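Peer 1: Provided herewith is a single structure, encoded as structure tokens, for subsequent inquiry.
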Amino acid sequence: MLVMTSRQILIRDLLVLLAFTGWALALPAYASEFVSSMALTCLMYVALSSSWGLFCGSTRYLSLATSAFFGIGAYTSAMLLGEFAWLTVILIGAGIAVMVAILMGAAVLHLRGTYFAVLTFGMTELILHAVTYFEKSVTGTVGRVLMVVPERETIYLTVLALAVLAVAVSIVVRRTRFGLALLAIGADEQRAQTLGVNTRLVKVAGFALTAAFAGAVGAAMAVRWTYIDPHTVFNPFIGFQTVLITLIGGVLTLWGPLLAAIIFSVLAESLRLQFPQIYLMSLGLLLILCVLYLPGGLASLRWATFKGWWTDCREWVRDLKRDLSGEKEREKQRALKRARENYFV
Amino acid sequence: MAPAQVQQSKRTLIKGAAAVVGAATFAPQLMAQNAPVRIGYTMARTGPWTGGAQTSQEPNYLLWAEQQNAAGGLDVKGTRRKIELVSSDDQSNVETVVRTYEKLMGSDKVDLVLPPWGSGANFAVAPLANRYGYPFLAPTALSKKLVDLKLPYFFLLLQQPASMIGALVDLLKSQGVKTAAVIYVDDLFGLENYAALKEAVKGSGIRLVEEKSYPGSTQDLSPVLRAIKDKNPDAFIGFSYPPDTILASKQSKEVGFNPKFYYASVGTAFPLYTKVMTVAGAEGVMGMGSWNTKTSPGAKAYFDAHVASQKKEPDRWASGAAWAGLEILTNAVKSVGLDRKAIRDFVANNTHQTILGEIKFNGSENVGTPGTVGQWQKGEFEVVWPPARATAKLITKPKW
């Protein structure tokens, strides 16, 4: 078997990314408007889930705060779009999300597991109601109308750039001390600490990095709504979907989230048009199947996995056949008889 | 064969050939005339908007297409063409709504579109409608801000907060109400209506003894209702959505809060309300509403057709607006065909006869029908204000 060096893998990953980028760049030119707008959603989830996996995958901290950062970005863009340039707005969106993430991280990142997940979710609610309260008491109304929005092409290119950046950052971070520290925290936090990793700093930095992407994506996507109110942009479903996509794709892998984001978007769209009720059910089913039979996610699928399933299946069918034909029962009887005979010997 | 006969058959041949050429020339046009009119929309069939969308909006679209097709098709400037509805579920998701309307108007190039459910979704598609030049007659969008956008292709059929709340305050004034308590959901709908109320009670002699907002996802309103009960106002006003409308009604009953006038908003006009509260329990409850079967002969016909075809009753507020919008659209297409600019001009510049009465637009706003107040009386949601449109006399609410 061919074994690649780390450098070769890096080059391979970058080439694959380049190919994806080229494809996504060319898409609006030949595809219909509908397909390009679907691709936009797809790219949004690529950016969200890749950056989510970067922190949560390697450290195993399950964060449900994606929708909080997304919403912060969206609100920033709704408030500032008239006054600043497009790219500035996106940067500010990312910046505010980072600041909130640092505060939030400092407060809750010492908690693990369920507590962390629940608290990040609670934080989202807190921010939602804080924004509502702020709007009500300061501006006197909830909800903002965005009239001056950039061209569709600009939005597409921005989200594409964010998605590419998210994957590129994942590729690079894996090869740095910082990435290794994140992985070490996931494997055994105490040991990492003993070995001299400043876990607190690393965790907050990783969390902030994830938040930066979610904030930027939120700021870029907000203009698709025209009318923004807290309940739309702090929609927990965006956070859940990101987690699901990453889990199904494979948390620890580089290409899993990207692959799953594409599959998800296509699946969601076709199911929505054909069988609207089935979408959520199939999502749940997919997750259960993944957890049971493919814990590493879609990206961990190898030829051997299929072969393994095939052998398992054959084994099971053979067993069932023997059971149904009564062969198993007879065998049992024979064994019993033999045992009885032996007893008297 | 005699020469004459040869001549004859030759002539027949030429005639036949001419007919074929003629047919070939006109056939595409004839075919186009018979091709169905494609009308696209998205509707919430799953997710939080489903209840409202499937009560007030989609049944009307289906009924309309069914009726028009039964009559041979939609009358396009004198030619009947079948309606083909191109619809999909939007999962109560604004992003999906935007994406799908972009597809319908940009790629599929459907002949006409019908609006999606709710103010939020309509906000999102309104600028799109303008860009692609598709007239939108929205039955379930309610916001002054939407009017302020001044989009030429966008028309709102529901009465806006100022006229709706103006009617309510006039009614309360006429009944000698001195004190009122208001609760409102803290989103655009609640806030705009609350602002309209503050404006309307100025100088009316009505004092607001309690003003409280609550988050839309609230599960318990009883503390607020208890506090209001202690202040014993003459009237209770709630700017609420169906779940909280029903929650507030149930909990008012529980805590024994019995004001003389009880007003709630979205959901009171739904058949669901009497189903949950029972006919006796709903007696005397007021809400936003604009019509019932007594409003006009057309309204009665519409109601009966709706029940017969969709196996459920329409609500007494936005359903009427949805149907009125479809009536206007039908007339526009009959007069000017499928040219969308012409349809827009027709809608904007005419006074329209509908089941709700005369509708006309000032910009995007319907200024033809006045704001109204409805009240449940013996299982029917009667229009009780303004007197000119009333279908029954106002009653004082009995105790829960």
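The values are calculated or read from the model by the stated rules, or taken from the named source; none is laboratory data. The structure presented is a predicted model; accordingly, all values stated were derived computationally and were not measured. Every residue, glycine among them, receives a Cβ derived from its backbone with ideal geometry; neighbour counts consider all protein chains shown. Ligands, DNA and RNA are stripped out before the accessible areas are found, and what is left, the full protein with its side chains, is counted by its heavy atoms. Shrake-Rupley method; radii C 1.70, N 1.55, O 1.52, S 1.80 Å.
Peer 1: Could you please give the count of residues in segment A:293-345 that are surrounded by 10 or more Cβ atoms within 10 Å (Cβ to Cβ), part of a helix (DSSP H, G or I) and among the hydrophobic types (A, V, I, L, M, F, W, C)?
Peer 2: So the answer is 11.
Peer 1: Suppose the filter is in the same structural domain as B:Asn93 (by the TED database) and open to solvent by less than 20 Å² (accessible area, probe 1.4 Å); does B:Phe155 pass it? Can you show your working first?
Peer 2: Values: in the same structural domain as B:Asn93 (by the TED database): yes; open to solvent by less than 20 Å² (accessible area, probe 1.4 Å): yes.
So B:Phe155 fits the description; yes.
Peer 1: Kindly provide the set of residues from segment B:315-327 that are in contact (Cβ under 8 Å) with a residue 40 or more places away in the chain and either part of a loop (DSSP other than H, G, I, E, B) or in contact with a strand residue (DSSP E or B) (Cβ under 6 Å, 6 or more places away or on another chain) (or both), ordered by number. Break it down into steps so the answer makes sense when it comes.
Peer 2: As a first pass, look at segment B:315-327 and keep what is in contact (Cβ under 8 Å) with a residue 40 or more places away in the chain: B:315-319, B:321-326.
Hits for segment B:315-327 are B:Asp315, B:Arg316, B:Trp317, B:Ala324, B:Gly325.
Peer 1: Out of segment A:199-252, which residues are facing another protein chain (nearest Cβ under 10 Å) and touching a Lys or Arg at 6+ places or on another chain (Cβ under 9 Å)? Lay out the reasoning, then the answer.
Peer 2: Kept after step one, since they are facing another protein chain (nearest Cβ under 10 Å), are these residues of segment A:199-252: A:221, A:224-233, A:235, A:237-238.
Selection gives A:Arg224, A:Tyr227, A:Ile228, A:Asp229.
Peer 1: Sort out which residues of segment B:347-365 are assigned to a strand (DSSP E or B) and either open to solvent by 10 Å² or more (accessible area, probe 1.4 Å) or free of Cβ contacts under 8 Å to residues at least 40 places away in the same chain (or both), and write them in order of number.
Peer 2: Looking only at segment B:347-365, we keep the residues that are assigned to a strand (DSSP E or B), and these are B:352-354, B:357-359, B:361-362, B:365.
Hits for segment B:347-365 are B:His352, B:Gln353, B:Thr354, B:Gly357, B:Glu358, B:Phe361, B:Asn362, B:Glu365.
Peer 1: With the checklist (1) within 14 Å of chain B (Cβ to nearest Cβ); (2) within 19 Å of A:Gly53 (Cβ to Cβ) in hand, flag the one item A:Leu180 doesn't pass.
Peer 2: Unmet for A:Leu180, out of (1) within 14 Å of chain B (Cβ to nearest Cβ); (2) within 19 Å of A:Gly53 (Cβ to Cβ): (1).
Peer 1: Another question about this same structure. What residue, among those in segment A:110-152 that are in a loop (DSSP other than H, G, I, E, B) and facing chain B (nearest Cβ under 10 Å), is nearest to A:Asp229 (Cα to Cα)? Even if it seems obvious, please write down each step before you answer.
Peer 2: Residues of segment A:110-152 in a loop (DSSP other than H, G, I, E, B): A:110-112, A:140-143, A:146-151.
Then drop every residue that is not facing chain B (nearest Cβ under 10 Å), which leaves A:140-143, A:146-147, A:149.
Numbers: A:Gly140: 13, A:Thr141: 10, A:Val142: 6, A:Gly143: 4, A:Leu146: 11, A:Met147: 15, A:Val149: 17 Å.
That would be A:Gly143.
Peer 1: So, one more: Mind checking whether some residue in segment B:373-393 is hydroxyl-bearing (Ser, Thr, Tyr) and within 24 Å of B:Ala282 (Cβ to Cβ)? Break it down stepwise before answering.
Peer 2: Of all residues in segment B:373-393, those hydroxyl-bearing (Ser, Thr, Tyr) come to B:391.
This time we only want the ones that are within 24 Å of B:Ala282 (Cβ to Cβ), so: B:391.
Scanning segment B:373-393, I find at least one residue that is hydroxyl-bearing (Ser, Thr, Tyr) and within 24 Å of B:Ala282 (Cβ to Cβ), so the answer is yes.
Peer 1: Of the residues B:Ala195, B:Ala162, which single one is within 14 Å of another protein chain (Cβ to nearest Cβ), of a type in the set (A, V, I, L, M), assigned to a helix (DSSP H, G or I) and open to solvent by 40 Å² or more (accessible area, probe 1.4 Å)?
Peer 2: On the way: B:Ala162 fails: within 14 Å of another protein chain (Cβ to nearest Cβ).
Unique residue meeting the criteria: B:Ala195.
Peer 1: A further question follows. More than 14 Å from chain A (Cβ to nearest Cβ) and surrounded by fewer than 19 Cβ atoms within 10 Å (Cβ to Cβ), is that true of B:Pro139? I'd like the intermediate steps shown before the answer.
Peer 2: Working: more than 14 Å from chain A (Cβ to nearest Cβ): yes; surrounded by fewer than 19 Cβ atoms within 10 Å (Cβ to Cβ): no.
No.
Peer 1: Next question. Within the group A:Tyr133, A:Tyr115, which residue is open to solvent by 60 Å² or more (accessible area, probe 1.4 Å), of a type in the set (Ser, Thr, Tyr) and within 19 Å of A:Tyr75 (Cβ to Cβ)? I'd like the intermediate steps shown before the answer.
Peer 2: Details: A:Tyr115 fails: within 19 Å of A:Tyr75 (Cβ to Cβ).
Being open to solvent by 60 Å² or more (accessible area, probe 1.4 Å), of a type in the set (Ser, Thr, Tyr) and within 19 Å of A:Tyr75 (Cβ to Cβ) holds for just one of A:Tyr133, A:Tyr115, which is A:Tyr133.
Peer 1: For A:Phe178, are the conditions met, namely being closer than 16 Å to A:Ala161 by Cα, of a type in the set (Phe, Trp, Tyr), assigned by the TED database to the domain that holds A:Leu91 and at pLDDT 90 or above?
Peer 2: Values: closer than 16 Å to A:Ala161 by Cα: no; of a type in the set (Phe, Trp, Tyr): yes; assigned by the TED database to the domain that holds A:Leu91: yes; at pLDDT 90 or above: yes.
Judged against the criteria, A:Phe178 is not a match.
Peer 1: Where in segment A:183-285 are there helices (runs of 4 or more DSSP H), lying wholly inside it, with at least 1 residues that are among the polar types (S, T, N, Q), assigned by the TED database to the domain that holds A:Glu125 and touching a residue at least 40 places away in the same chain (Cβ under 8 Å)? Before the answer, list the steps.
Peer 2: On the way: elements: A:189-194, A:199-221, A:230-233, A:236-249, A:256-274.
Counting at least 1 such residues, we get A:199-221, A:236-249, A:256-274.
Peer 1: So if I check each of B:Lys144, B:Lys178, B:Lys202, B:Lys173, which one is surrounded by fewer than 19 Cβ atoms within 10 Å (Cβ to Cβ) and either within 14 Å of another protein chain (Cβ to nearest Cβ) or modelled with pLDDT under 90 (or both)?
Peer 2: Working: B:Lys178 fails: either within 14 Å of another protein chain (Cβ to nearest Cβ) or modelled with pLDDT under 90 (or both); B:Lys202 fails: either within 14 Å of another protein chain (Cβ to nearest Cβ) or modelled with pLDDT under 90 (or both); B:Lys173 fails: either within 14 Å of another protein chain (Cβ to nearest Cβ) or modelled with pLDDT under 90 (or both).
Going through B:Lys144, B:Lys178, B:Lys202, B:Lys173 in turn, the sole match is B:Lys144.
Peer 1: Would you please list the contacts, defined by Cβ atoms under 6 Å and residues six or more apart or on different chains, that run from a residue in segment B:64-76 that is in a strand (DSSP E or B) to a residue that is among the polar types (S, T, N, Q)?
Peer 2: Filtered contacts from segment B:64-76: B:Leu74/B:Gln68.
Peer 1: Okay, next question. Determine, yes or no, whether B:Ser87 is within 14 Å of chain A (Cβ to nearest Cβ) and open to solvent by 30 Å² or more (accessible area, probe 1.4 Å).
Peer 2: Numbers: within 14 Å of chain A (Cβ to nearest Cβ): yes; open to solvent by 30 Å² or more (accessible area, probe 1.4 Å): yes.
Yes: the conditions hold for B:Ser87.
Peer 1: Search segment A:29-71 for residues being of a type in the set (Val, Ile, Thr) and touching a residue at least 40 places away in the same chain (Cβ under 8 Å), and hand back the single one that is farthest from the other protein chains (Cβ to nearest Cβ). Step through it out loud before you land on a result.
Peer 2: Taking segment A:29-71 and keeping what is of a type in the set (Val, Ile, Thr), we get A:35, A:41, A:46, A:59, A:66.
Imposing the further condition that a residue be touching a residue at least 40 places away in the same chain (Cβ under 8 Å) reduces the set to A:41, A:46, A:59, A:66.
Values: A:Thr41: 7, A:Val46: 16, A:Thr59: 30, A:Thr66: 15 Å.
So, considering only residues that are of a type in the set (Val, Ile, Thr) and touching a residue at least 40 places away in the same chain (Cβ under 8 Å), the one farthest from the other protein chains (Cβ to nearest Cβ) is A:Thr59.
Peer 1: Out of all the residues in segment B:109-116, is one or more open to solvent by 20 Å² or more (accessible area, probe 1.4 Å) and more than 10 Å from chain A (Cβ to nearest Cβ)? Before you say what the answer is, go through the steps one by one.
Peer 2: The first filter runs over segment B:109-116 and keeps only residues open to solvent by 20 Å² or more (accessible area, probe 1.4 Å), leaving B:109, B:111.
Subsequent filtering for residues that are more than 10 Å from chain A (Cβ to nearest Cβ) retains B:109, B:111.
Yes, the conditions are met somewhere in segment B:109-116.
Peer 1: Another one. Within segment B:333-346, count every residue that is open to solvent by less than 10 Å² (accessible area, probe 1.4 Å) and in a helix (DSSP H, G or I).
Peer 2: Keep residues of segment B:333-346 that are open to solvent by less than 10 Å² (accessible area, probe 1.4 Å), which gives B:333, B:337, B:343.
Restricting the remaining residues to those that are in a helix (DSSP H, G or I) gives B:333, B:343.
Qualifying residue count for the region: 2.
Okay, residues lined up against (1) modelled with pLDDT of 95 or more; (2) hydrophobic (A, V, I, L, M, F, W, C); (3) assigned by the TED database to the domain that holds B:Leu146:
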| position | (1), (2), (3) |
| --- | --- |
| B:Leu329 | yes, yes, yes |
| B:Val336 | yes, yes, yes |
| B:Arg344 | yes, no, yes |
| B:Val347 | yes, yes, yes |
| B:Gln375 | yes, no, no |
| B:Lys378 | no, no, no |
| B:Pro387 | no, no, no |
| B:Lys393 | no, no, no |
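Peer 1: Continuing with this model, one more query. Being open to solvent by 40 Å² or more (accessible area, probe 1.4 Å), at negative phi, touching a residue at least 40 places away in the same chain (Cβ under 8 Å) and not charged (D, E, K, R) narrows it down to one residue among B:Thr330, B:Thr295; which is it?
Peer 2: B:Thr295
Peer 1: If the requirement is being charged (D, E, K, R), touching a residue at least 24 places away in the same chain (Cβ under 8 Å) and touching a helix residue (DSSP H, G or I) at 6+ places or on another chain (Cβ under 6 Å), which of these qualifies: B:Asp89, B:Asp108? Talk me through it step by step, then tell me what you get.
Peer 2: Working: B:Asp108 fails: touching a helix residue (DSSP H, G or I) at 6+ places or on another chain (Cβ under 6 Å).
Going through B:Asp89, B:Asp108 in turn, just one is charged (D, E, K, R), touching a residue at least 24 places away in the same chain (Cβ under 8 Å) and touching a helix residue (DSSP H, G or I) at 6+ places or on another chain (Cβ under 6 Å): B:Asp89.
Peer 1: Sticking with this structure for a sec: Could you check segment B:41-77 and list, in sequence order, the residues that are of a type in the set (Lys, Arg) and touching a strand residue (DSSP E or B) at 6+ places or on another chain (Cβ under 6 Å)? Reasoning before the result, please.
Peer 2: We begin by selecting, within segment B:41-77, every residue of a type in the set (Lys, Arg); these are B:45, B:77.
Of everything in segment B:41-77, just one residue is of a type in the set (Lys, Arg) and touching a strand residue (DSSP E or B) at 6+ places or on another chain (Cβ under 6 Å), namely B:Arg45.
Peer 1: Quick one: which residue in B:Ala227, B:Ala235 is open to solvent by less than 20 Å² (accessible area, probe 1.4 Å), more than 29 Å from B:Lys312 (Cβ to Cβ), out of contact with any His (no Cβ under 6 Å at 6 or more places or on another chain) and more than 14 Å from every other protein chain (Cβ to nearest Cβ)? Don't jump to the end; show me each part of the working.
Peer 2: Numbers: B:Ala227 fails: open to solvent by less than 20 Å² (accessible area, probe 1.4 Å).
Only one candidate passes the filter, namely B:Ala235.
Peer 1: Looking at B:Val86 and the list (1) modelled with pLDDT of 85 or more; (2) outside any helix (DSSP H, G or I); (3) more than 24 Å from the chain's Cα centre (by Cα), which single condition is not satisfied?
Peer 2: In the conditions (1) modelled with pLDDT of 85 or more; (2) outside any helix (DSSP H, G or I); (3) more than 24 Å from the chain's Cα centre (by Cα), B:Val86 misses (3) alone.
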